[in-house]
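What follows is a set of notes on a single structure, which appears directly below.
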Amino acid sequence: MSVNTTQFKHVSYLWDDTRAAELAGDEVALLIYRSNLLGADLRLTNYGGGNTSCKVMDKDPLTGKEVEVMWIKGSGGDIGTLKKSGLAALYVDRLRSLKNVYRGIGFEDEMVELFNHSIFDLNSKAPSIDTPLHGFLPFKHIDHLHPDAAIAIAAAKDGKKITEELFEGTIGWVDWQRPGFDLGLQLKECLDNNPGIRGIMLGSHGLFTWGDTAYESYINTLEVIEKCAEFLEQSYTKNGSVFGGPKIESLPADDRKKQAVALAPILRGFCSSKTQMIGHYTDDARVLEYTNSKDLDRLAPMGTSCPDHFLRTKISPLVLTLASGEDLSDIAAIKEKLTPAFEEYRKMYEGYYNTCKHPNSPGIRDANPVVILYPGVGMFTFAKDKQTARVAAEFYINAINVMKGAEAISEYTSLPRQEAFDIEYWLLEEAKLQRMPKPKALSGRIA
């Protein structure tokens, strides 16, 4: 397969033929190699997001017969650091036979437990909810990623039409639906109705691409994302401004840092009203372009689209009404000024919970914001530890990139509140949270 690698301007071509040759014949090793390369470029997928798979023939340990086995990133892993211990291995025929017992979309969650009856390697990782999305597609190698450039199209009001026109029918489209067994069936139906396509765009969610070999899948993925990114860049150039143009200017860099240092402890106090939180601050240029814009007040309350984004950033951020050069020396006065904003945010979040909850929903979580935007200064994020706070910031920058792209080519759309709630308070997601280690004694505290 001859590929012009100079075509890649917006993504990194990292494939090393020498290294790949050392892995030749071991499709699982090549899957891990490809996954690590994809995960190394955050323009291709966010931390912990997406999943990759391969299908191989292997000997059944019970019968000695050759069977088809799918290796796929297991639950909770990160493709950038993926090792074989992070993969799940399943009998493909058993996984597909679960169609015979599937009772419909109202019984999605029970299918996850049934995945365990399809396990081939008993030492492998627990299968993720995305397992059937790969299992029902016939391709040997599959990449499911969350690239900002693709999600910008997937989250645009005219996303389906744009996808069809941009790729001339070679990329399919499946409307937004929560990941699960039924979505796997829809991907297969999309492929059956559009034979010969090279990938599928998932509305508001992400991208599926594939190939017969690890290398073909890798190149196909890069080419599709590059085309999306190039389309967005042309739209930015054509439009001349993004987010409606600037409303205010940023403070000089040193002044931004001084404001952040003065305000961060105050914000941390508000965000720690239920649980001790650790903060992170960034004045990334992409953040400032967004927070300083005329469209901030319209876009920020809409929330994010990709499930991976809002699971880590909450349904929407808190936007501060402080002037960028506000005098922050009187702490009591600043607290008094900010108190109504935090009370209003908590009330909004409680209303979202009470409106959308189901009889069996987990109890309401911390109602404080995770993301706080300070126009002219930057973004603060708060979480249980520094890494989680930093990752939340990275994810909200992903969301900003998506909003910017969608607005440039059409109009940004977020997930309906009920759909977002059903992801955030998903019983499977709650079970994952409950399995996490309990915080250590000094977790969330600083000295």
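Each value in this text was obtained by applying a stated rule to the coordinates, not by laboratory testing. Bear in mind the structure is a predicted one, so any value in this text is a computation, not a measurement. Please note: Cβ atoms are built from the backbone with ideal geometry, for glycine as well, and neighbour counts cover all protein chains shown.
In nm, what is the difference between 0.36 nm times the number of residues separating Leu427 and Ile364 and their Cα-Cα distance?
Details: separation 63, 0.36 × 63 = 22.68 nm, distance 1.27 nm.
Full extension of this stretch gives 21.4 nm more.
Quick one: helix 386-409 against the long Cα principal axis of the chain, what's the angle to the nearest 10°, folded into 0 to 90?
Helix 386-409 and the main axis of the chain meet at about 80 degrees.
Given 4 °C and 1.567 mPa s, how large is the Stokes-Einstein diffusion coefficient of the chain in µm²/s, with Rh as the Kirkwood radius over Cα pairs?
56 µm²/s
Compute the relative contact order of region 203-353 as a whole-number percentage, counting only Cα pairs closer than 8 Å that sit 6 or more residues apart in sequence.
24 percent
I'd like to know how region 253-435 sits against the 2.2 N^0.38 Å rule of thumb: what's its Cα Rg over that expected value?
Numbers: Rg = 16.1 Å, N = 183, 2.2 N^0.38 = 15.9 Å.
That ratio works out to 1.01.
Placing +1 at every Lys and Arg Cβ and -1 at every Asp and Glu Cβ, with all other atoms neutral, what dipole size does region 312-447 have around its Cα centre, in debye to the nearest 20?
So the magnitude is around 680 debye.
What aspartates and glutamates sit close enough to Lys247 to cross-link, taking a C-alpha to C-alpha distance under 18 Å and skipping anything fewer than 8 places away on the same chain?
Asp283, Asp284, Glu289, Asp295, Asp297, Glu326, Glu407
Kindly identify region 1-116 as rounded, prolate or oblate by the Cα gyration tensor criterion: order the square roots of the eigenvalues as a ≥ b ≥ c, call it rounded if a/c is under 1.5, otherwise compare a/b with b/c, prolate if a/b is larger, else oblate.
Here region 1-116 falls in the oblate category.
Could the peptides 329-339, 278-288, 48-58 be put in order, highest first, of the mean number of other beta-carbon atoms found within 10 Å of their residues?
Going by the mean number of other Cβ atoms within 10 Å, highest first, we get 48-58, 278-288, 329-339.
Determine which aspartates and glutamates satisfy two conditions relative to Lys99: a Cα distance under 18 Å, and not lying fewer than 8 residues away in the same chain.
Cα-Cα hits under 18 Å: Glu68, Glu108, Asp109, Glu110, Glu113, Asp130, Asp182, Glu189, Asp192.
Starting from the Cα of Asp330, step 7 Å along the direction of its Cβ; do the same at Asn193; then give the gap between the two resulting points in nm.
So the label points at Asp330 and Asn193 sit 6.3 nm apart.
Multiply the residue gap between Glu350 and Lys9 by 0.36 nm, knock off their C-alpha separation, and tell me the result in nm, one decimal place.
Fully extending the segment from Glu350 to Lys9 adds 118.3 nm.
Going 7 Å from the Cα of Thr170 toward and past its Cβ, which residues in region 206-244 have a backbone nitrogen under 14 Å from where you end up?
Only 209-211, 217, 219-228 fall inside the zone, counting backbone N under 14 Å.
With angles folded into 0 to 90 degrees, how steeply does helix 181-193 sit against the dominant principal axis of the chain? Use alpha carbons for both and round to 10.
With rounding to tens, the tilt is 60 degrees.
Please give the contour-minus-distance gain from Thr18 to Lys258: 0.36 nm per residue of separation, less the Cα-Cα distance, rounded to one decimal in nm.
Full extension from Thr18 to Lys258 adds 81.5 nm.
Give me the percent relative contact order of region 1-135, please, defined on Cα pairs under 8 angstrom at least 6 residues apart.
20 percent
Under a straight-distance cross-link criterion of Cα-Cα below 18 Å, which lysines are reachable from Lys238, leaving out those fewer than 8 residues away in the same chain?
List returned: Lys227, Lys404.
Among Ile151, Phe107, Pro179, pick out the residue whose Cα is farthest towards the positive end of the charge dipole of region 5-239, where Lys and Arg carry +1 and Asp and Glu carry -1 on C-beta, about the Cα centre.
Phe107
Taking 45 Å as R0, compute the FRET efficiency from the Cβ-Cβ separation of Glu66 and Ala441 and round it to 0.05.
Calculated transfer efficiency: 0.25.
Beyond 32 Å, what share of the Cα-Cα pairs of region 5-239 remains, rounded to the nearest whole percent?
Pairs farther apart than 32 Å: 17 percent.
Between Asp284 and Asp212, what FRET efficiency comes out of the Förster formula 1/(1 + (r/R0)^6) with R0 = 30 Å and r the beta carbon distance, rounded to 0.05? Don't skip to the end; give the middle numbers.
On the way: r = 39 Å, r/R0 = 1.31.
Working from the Cβ atoms, E equals 0.15.
Which value at 222 nm does the chain reach when only helices count, each DSSP H run of 4 or more adding -39,500 (n - 2.57), with the total divided by all residues and rounded to the nearest 500 deg cm²/dmol?
-13500 deg cm²/dmol
Averaging the inverse of every distinct alpha carbon separation and then flipping it gives the Kirkwood radius. What is it for region 62-175, in angstrom units?
Taking the inverse mean of 1/r over all distinct Cα pairs, region 62-175 comes out at 16.2 Å.
Nearest 0.05, what FRET efficiency do Asp26 and Arg298 give at R0 = 51 Å with Cβ-Cβ as r?
Step by step, r from the Cβ atoms, then E = 0.50.
Given Cα pairs under 8 Å that are at least 6 residues apart, what percent is the relative contact order of the chain?
16 percent
Using a Gaussian network for the chain with springs between C-alpha atoms less than 10 Å apart, which of these wobbles most: Met302, Met348, Met403?
With Cα springs under 10 Å in the chain, the top fluctuation among Met302, Met348, Met403 is at Met348.
Pairs to check: Lys9/Lys258; Lys274/Lys438; Lys357/Lys386; Lys157/Lys257; Lys157/Lys274. Give those whose C-alpha atoms are more than 26 Å from each other in this structure.
Too far apart for the 26 Å limit: Lys9/Lys258; Lys357/Lys386; Lys157/Lys257; Lys157/Lys274.
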